[in-house]
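The next block holds one structure in the form of structure tokens; read it before the comments.
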Amino acid sequence: MHHPLSFQLMFLGIFAVANNFKSLGKFLQISQGLSDVEQIQLSINATLASLVVMLAALFIGESLLNFFGISLDAFRVAGGVILAMLGIDMIHARKAIEEDESYSVSHTYSKVIPSVIIPIAIPLTTGAGTFSTITIFADQVSGNNFLYYQLLAAILLQALLIFVVFRYSSKLLHVMGKTGISILTRVVGLFTLALGIQFMTIGLKVLFPGLALQ
């Protein structure tokens with residue numbers, strides 16, 4: 001039996017795997033020297049790239065699994081492992097903010113666009129963990145239009161949050177500091193680990209029914 005879903009649970013799950021706090025350092029580096037309008041455009045581009053990943057998981061994630069002959073329960077276990085590893089990495093991360101010490105700040109707007117898409121938006125903000133989580137949520141809300149639209153709303157809300165964090169990245173880093181972001185990253189990592197274990201538990205019980213009787 002699946003754990004009952006709610007908007008809050010789905011949003012927290014997506015926030016845990018699709019937040020962009022870790023990529024703030026790189027984003028601040030590539031946006032140095034750019035005009036305010038260009039920084040806004042960078043934020044929009046990074047957000048749109050992340051949104052594409054999340055919507056792709058929602059709309060075609062399960063279809064991709066069917067195409068490759070992968071059962072959803074096997075995917076739950078695999079996705080759970082990815083989330084668990086991601087959560088452990090976040091909890092024990094030595095650097096909460098990734099930076100590229102070799103990066104030159106003399107690049108123009110047109111030259112930094114690719115870096116905003118890869119690796120900042122993908123995979124630092126939205127990657128395999130995000131795709132797995134939303135695909136699994138999409139299956140759990142299948143046939144329930146109310147929950148489906150709540151999942152879509154959670155994705156759109158997370159996209160808005162991603163934009164806000166990128167747009168006001170310098171102010172956010174100034175207010176929270178690296179220590180504050182480090183603490184937040186570890187808390188989110190704990191939630192990510194728990195979500196991964198939950199996905200693995202559900203998948204394993206279906207793949208190995210005997211486990212449900214233990």
With a 10 Å radius around each residue's Cβ, average the other Cβ atoms per peptide and rank 67-77, 53-63, 11-21, highest first. 11-21, 53-63, 67-77
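Treat every Asp and Glu Cβ in the chain as -1 and every Lys and Arg Cβ as +1, leave all other atoms uncharged, and give the resulting dipole magnitude about the Cα centre to the nearest 20 debye. Provide the component values of the computation, followed by the final result.
Details: 11 positive and 10 negative charges, 69 e Å.
Computed about the Cα centre, the dipole is about 340 debye.
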Among 37, 116, which comes first, second and so on when ranked by fewest other beta-carbon atoms within 10 Å? 37, 116
Just to confirm my numbers, what's the Cα centroid distance between segment 1-72 and segment 129-154 in Å? 14
Rounded to the nearest 10 degrees, the helix 169-207 long axis (Cα) sits at an angle to the longest Cα principal axis of the chain of 20
Ratio to report: Rg/Rh of segment 159-214, with Cα atoms as the point set and Rh obtained by the Kirkwood method; give two decimals. 1.29
Which residue, chosen from 145, 28, 160, occupies the Cα position most advanced towards the positive end of the dipole of the chain, where the dipole is computed from +1 (Lys, Arg) and -1 (Asp, Glu) charges on Cβ about the Cα centre? 28
Return the Rg/Rh value of the chain, two decimal places, where both radii are evaluated on C-alpha atoms and Rh is the Kirkwood radius. 1.01
Sort 139, 36 so the one with the fewest other Cβ atoms within 10 Å of its own Cβ comes first. 36, 139
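Bear in mind these aren't lab numbers, they're just calculated from the coordinates by the rules spelled out. As the structure is a prediction and not an experimental result, all values here were calculated from the model. Glycine gets a Cβ as well: all are built from the backbone with ideal geometry, and neighbour counts include every protein chain shown.
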